[in-house]
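A.B. asks: Structure provided below as structure tokens; questions to follow.
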Amino acid sequence: MMAYLDGDWLELATPSGNTIRVLKAAHPRARRLRLTVSPKGARITYPQGTHPSQVNAFLRHNADWLERKLDELNLVVEPLPPLRVGAPIEFPLRGEIATLDWAEGAYPRVVAYDGALTLEIPRPHSRALPVARGLLASYFETQIRRDVSRWLAGYVPQLGLAPTALRIRPMKSLWGSLDTRDRINLDLALALAPPAALRYVLAHELCHLKVRNHSPRFWAHVESIFPDWREQRDWLRQNGATLKAELDRLIADVAD
């Protein structure tokens, strides 16, 4: 398994016999190597001055993860119909199929009821679509924060550690991360997943407060606080690409 340089690209030969092209880019504000995957492909960013051998080694080390993520993205075969003002659609919400509808209202808001959301948008409708996307993003974040605050009340005493902050935003390839300041980041698309999948990602990132790698000791911590982690990890692997695509059509162009 080797990585080859080709201008602005790296070519990675994987153990399964595939060759993956990865766009490489030095970033003036980057502090570490970072590998991301989106429907457009794979990209590796790194601090300026990083030696090519370090970039290649990092890519080889993450080859299995990269191949799996690209496979997940390939599960989305048909492009989703775009969000259009006034046109109802169905989409996943908390693991169930929900209906999104539109109505006129005195002020912009999301109205939630059994298995459905209604976007109430006042006239004129000149900015209805960006307003609707912002409303949905805020609604999804509120749902995640509500669940996470309830679960943290149980997990923090178990672990004896707590994150310093919680940030929720769209993430290209990850479901969650823990930064060097002990802040947990969660993907906004988890609002569309079953609550158990969100809970797994939260438990995963909380356990990184104790162990920063994915060693057996780390997974033992995850097992101790969330025994069903394998089932939820597998669910995200199988359905994750669809969730991220759904989120993108619902809130695309909303600022992080």
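A.B. asks: Between GLU104 and GLN48, what length comes free when the chain is fully extended (0.36 nm per residue of separation minus the Cα-Cα distance, one decimal in nm)?
C.D. replies: Going from the current span to full extension adds 15.1 nm.
A.B. asks: Top to bottom by accessible area (1.4 Å), largest first, where do THR50, THR142 land?
C.D. replies: From most accessible down to least: THR142, THR50.
A.B. asks: To continue, here is another question. Antiparallel as a % of all DSSP beta bridges within the stretch 97-230, to the nearest 5?
C.D. replies: The answer is about 45 percent antiparallel.
A.B. asks: Let me ask something else. Pull up the DSSP beta bridges for the chain and report the antiparallel fraction as a percent, rounded to 5.
C.D. replies: Here the share of antiparallel DSSP bridges comes out near 65 percent.
A.B. asks: Using a Förster distance of 35 Å, how high is the FRET efficiency between LEU23 and ARG237, based on the Cβ-Cβ distance and rounded to 0.05?
C.D. replies: The computed FRET efficiency comes out at 0.90.
A.B. asks: Can you figure out the FRET efficiency of ARG32 with SER126, using R₀ = 51 Å and their beta-carbon distance, to the nearest 0.05?
C.D. replies: Working from the Cβ atoms, E equals 0.75.
A.B. asks: Using a 1.4 Å probe, how large is the accessible area of SER138, given in Å² and rounded to the nearest 10?
C.D. replies: Result for SER138: roughly 70 Å² accessible.
A.B. asks: Between ARG249 and ALA57, what FRET efficiency comes out of the Förster formula 1/(1 + (r/R0)^6) with R0 = 41 Å and r the beta carbon distance, rounded to 0.05?
C.D. replies: Rounded to the nearest 0.05, the efficiency is 0.65.
A.B. asks: Would you mind telling me the share, in percent, of accessible area of the chain contributed by carbon and sulfur at probe 1.4 angstrom?
C.D. replies: Reported share for carbon and sulfur atoms: 51 percent.
A.B. asks: Across the chain, how many lysine pairs separated by 8 or more positions, or lying on different chains, have Cα atoms within less than 20 Å?
C.D. replies: 9
A.B. asks: Also, I was wondering about something else. Using only alpha-carbon positions, what ratio does the radius of gyration of the chain give when scaled by 2.2 N^0.38 Å?
C.D. replies: 1.10
A.B. asks: Continuing with this model, one more query. Apply the Karplus curve 6.51 cos²θ - 1.76 cosθ + 1.60, θ = phi - 60°, to the phi angles in the stretch 154-168 and return the couplings in whole Hz, x for Gly and Pro.
C.D. replies: x, 6, 4, x, 5, 8, x, 9, 9, x, 7, 6, 10, 10, 10
A.B. asks: If you don't mind, another one. Let me have the 222 nm mean residue ellipticity of the chain computed from DSSP H runs of 4+ only, each contributing -39500 (n - 2.57), with the sum over all residues rounded to the nearest 500.
C.D. replies: -13000 deg cm²/dmol
A.B. asks: Need one value: the accessible area of SER149 in square angstrom, 1.4 angstrom probe, rounded to the nearest 10.
C.D. replies: Roll a 1.4 Å probe over it and SER149 shows about 70 Å².
A.B. asks: Just the accessible area per residue of the stretch 89-251, please: how many Å² with a 1.4 Å probe?
C.D. replies: 48 Å²
A.B. asks: For the stretch 26-134, what is the percent of antiparallel DSSP beta bridges, rounded to the nearest 5?
C.D. replies: 70 percent
The values are calculated or read from the model by the stated rules, or taken from the named source; none is laboratory data. Keep in mind that this is a model prediction, so the values were computed, not measured. All Cβ positions, glycine included, derive from the backbone under ideal geometry; neighbour counts span all protein chains shown. Just the protein is used for accessible areas: all its heavy atoms, side chains included, with ligands, DNA and RNA removed. Shrake-Rupley method; radii C 1.70, N 1.55, O 1.52, S 1.80 Å.
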